[in-house]
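Quick notes on the structure that follows.
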Amino acid sequence: MVTIGIVAFQGGFYEHYAMLLRAFAETSIEGEVKLVKKKKDLEGLDGIIIPGGESTTIGKIAHKTGILYDIKEVIESGKPTLATCAGAIMLAKKVRDAKVPEFSQPLLGVMDIGVVRNYFGRQRESFELDLHIEGMDEAPYRGIFIRAPAIVDIWGGARAISKITYNKEEIIVFASQGSILATTFHPELTGDARIHKRFISLVKR
Amino acid sequence: MPYLEYPSKAVRLYNVGFEKIVEFFYNMAEARDRLRDEGLWFDYSPKALPERIEVPEKGTLSVKYGLPIYQKGGVCMDVTNVEQAQIAEEAGAVSVMVLDKLPYDVRKAGGVARMADVKVIEEVMEHVTIPVMAKVRIGHYMEARLLEELGVDMIDESEVLTPVDAKNHINKFLFKVPFINGARDLGEALRRISEGASLIRTKGEAGTGNVEEAVKHMKIIMNDLWSVSSLSPEERMHKAREYKVPYELLELSSRLKRLPVVNFAAGGIATPADAALMMWLGADGVFVGSGIFKSSDPRERAEAIVLATSMWDDPESVLEAQKMISEAKSMMGIDISSLRPEELLQTRGI
């Protein structure tokens, strides 16, 4: 029995919830899902998800309710973590915006990656693209990128798991570090539970 | 406190995945695609996607229905200039809606209300990192085309502005940018979704600082959903004709017991408690129009409404949010029963 918490201040947390239920069913791993909003919700978690949304909003509410630091502790204690889109921004040690300079926001800063917010541009530049992901060679994975960030810098313990070529530049869209997985796209919007299954297998281990 | 469970998690966690809903709309379009090939149908549906996507495909249904998913639990704030937009962003808004005048002032000014000054919209886009939305008049394709060209992240085809087409709304499948539409009941919401809307909001009665109509519209939508789901298929077919919507779309909604797209509350939200109330009634998020920048404590109020919207199910946090504002500083508000029928904005574009 594993318990996975989803940070549920704002954004696509119910989409992760539904995907986790699907991943549990497909792997026959027994598990439950908890929405995390208050400090007590962090107790007894085996893994945590930081969903997509607006990173500025999620960071500010986590800061205001005082659990930003507690979430950081859970991640740093080695609990498997899946972060998507805004979640990846929250985890990055270095963050900047593609257009607006000198912008600061509350972040977790636990992963050795540099992220550029809104890298691909505005909503009209949001796109879908089939991805090749390390360890998922059987079929490509449909990447849904919505006002997505990009991982432009990687060092230390972090490692690229999937890259795309965009405007002739190579960009990392999926990275890992220890038991942390961070994607700049939205696996929870596809019907494909492979990434969530990889995550719960990390939790199970 | 069991009463906080209403209307139950089921409204937000539904068993049909996001991708199934996207597929549904593509499948609806497929038959039309075939007819179009035979020259029997006009262009009123999304284009099918290739099996494999080797180069980035923009403006797909997944990204158009997807953007609102990441606005859920958040507050979109009406702003009229860069300074207000920055206050909104600092307070934790998930997006800003750029207008020429706040709805309250539109109501007071009278005359024709049009799309905001594009230079102002552009300036806001350059100064904030969150999505920027703007309103167009109901049926005004060209205002929408211009905003798409400008790069606005989402377009609100809004009854707050003066409609240019009394009969038709914009065919939103023709655009790469997602659209927002207002609705007062399930039929109206589904008509807008069948035209391609990606986000539905209650109409409420904008610019009044009075949440009464938004409550009414949200309850009607929720009750309609429950009542159609209990009908027999034949009765639902009849209902679809009454609503003037495709039967399949009504069937999907009654299966989900919610709208198949994201559903926000709007119209008259002025305090943290108002926002939390709308979330409790089943809204996925809220729009705040005049409520923030027509109050005399916009900074605190913006922050407080963001907190209350996210933490709506935790009375302790909503109380804390409510303490951040002062009732004496709330906008005065308008008693809706004092408005003449022709002064109502919600009856535009149904």
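The values are calculated or read from the model by the stated rules, or taken from the named source; none is laboratory data. Since we're looking at a predicted model, the values are computed, not measured. Cβ atoms come from the backbone with ideal geometry, glycine included; neighbour counts cover every protein chain shown. Surface areas here come from the heavy atoms of the whole protein model, side chains and all, with no ligands, DNA or RNA. Shrake-Rupley method; radii C 1.70, N 1.55, O 1.52, S 1.80 Å.
Taking the average, over residues, of other Cβ atoms within 10 Å as the packing measure, peptides A:187-199, B:191-203 rank B:191-203, A:187-199 from highest down.
The slack in the chain from B:Arg255 to B:Glu123, taken as 0.36 nm per residue of separation less the alpha-carbon distance, amounts to 43.2 nm.
Only protein heavy atoms count here, probed at 1.4 Å, and on that basis chains A and B bury about 4400 Å² of accessible area in total.
Calculated on the Cα set of the range B:168-327, radius of gyration then Dmax: 16.9, 54 Å.
The mean number of Cβ atoms from other chains found within 10 Å of a Cβ in peptide B:213-222 is 0, as a whole number.
Rounded to the nearest 500, what is the 222 nm mean residue ellipticity of chain A from helices alone, with -39500 (n - 2.57) per DSSP H run of 4+ residues and division by all residues?
On the way: 5 runs with 51 residues, N = 205.
Theoretical 222 nm ellipticity from helices: -7500 deg cm²/dmol.
Averaged over residues, the count of other Cβ atoms within 10 Å places the peptides B:136-146, B:290-300, B:325-335 in the sequence B:290-300, B:136-146, B:325-335, highest first. Going by the alpha-carbon gyration tensor, a ≥ b ≥ c the square roots of its eigenvalues, is the protein assembly as shown rounded (a/c under 1.5) or, if a/c is not under 1.5, prolate (a/b greater than b/c) versus oblate? It comes out rounded by the Cα gyration axes.
Ordering A:Ile164, A:Gln10, A:Ile144 by the projection of their Cα atoms onto the charge dipole of the range A:2-204, which places +1 on the Cβ of Lys and Arg and -1 on the Cβ of Asp and Glu, puts A:Gln10 at the extreme positive end.
Please compute the per residue accessible area over the protein assembly as shown with all protein chains in place, 1.4 Å probe, rounded to a whole number of Å².
Values: 21430 Å² over 555 residues.
Here the per-residue accessible area is 39 Å².
Normalised by the number of residues in the range A:2-204, what is the relative contact order in percent for Cα pairs under 8 Å and 6+ residues apart?
Details: 430 pairs, mean separation 41.8, N = 203.
In percent, rounded to a whole number, it is 21.
Across all C-alpha atoms in the range B:16-140, the radius of gyration and Dmax reach 19.0, 53 Å. Here's how it looks for B:Val262: its modeled amide H is under 5 Å from those of B:Ile200, which are all 5 or more places away or on a different chain. For chain B, the square roots of the Cα gyration tensor eigenvalues, ordered a ≥ b ≥ c, give a/c of at least 1.5 with a/b greater than b/c, which places it in the prolate category.
Each of the peptides A:3-11, A:163-171, B:217-225, B:239-247 was scored by the mean count of other Cβ atoms within 10 Å over its residues; in descending order, highest first, they stand as A:3-11, B:217-225, B:239-247, A:163-171. An oblate overall shape is assigned to the range A:1-68, the ratio a/c of its alpha-carbon gyration tensor axes (a ≥ b ≥ c) being 1.5 or greater and a/b not exceeding b/c.
Across chain A, the fraction of Cα-Cα pairs farther apart than 25 Å, rounded to a whole number, is 30%. Shown in residue order for the range A:95-109 are the 3J(HN,Hα) couplings computed by the Karplus curve 6.51 cos²θ - 1.76 cosθ + 1.60 at θ = phi - 60°: 9, 9, 9, 5, 10, 8, x, 6, 10, 10, 8, x, 9, 8, x Hz (x for Gly and Pro).
As a quick test, which of the pairs A:Lys38/B:Lys239; A:Lys72/A:Lys204; B:Lys47/B:Lys101; A:Lys60/B:Lys47; A:Lys163/B:Lys64; A:Lys64/A:Lys168 have an alpha carbon distance above 32 angstrom in this structure?
Numbers: A:Lys38/B:Lys239 43 Å; A:Lys72/A:Lys204 21 Å; B:Lys47/B:Lys101 36 Å; A:Lys60/B:Lys47 39 Å; A:Lys163/B:Lys64 24 Å; A:Lys64/A:Lys168 41 Å.
Flagged as over cut-off: A:Lys38/B:Lys239; B:Lys47/B:Lys101; A:Lys60/B:Lys47; A:Lys64/A:Lys168.
Please average, across the residues of B:83-90, the number of beta carbons from any other chain that are within 10 Å of each residue's own beta carbon, and give a whole number. It would help to have the intermediate numbers written out before the result.
Values: counts 0, 0, 0, 1, 0, 0, 7, 3.
Average neighbour count from other chains, rounded to a whole number: 1.
Average projected area of the Cα convex hull of the range B:256-350, in nm²? All intermediate terms of the calculation are to be shown ahead of the outcome.
Working: hull surface 29.8 nm².
Hull-based average projected area comes out at 7.5 nm².
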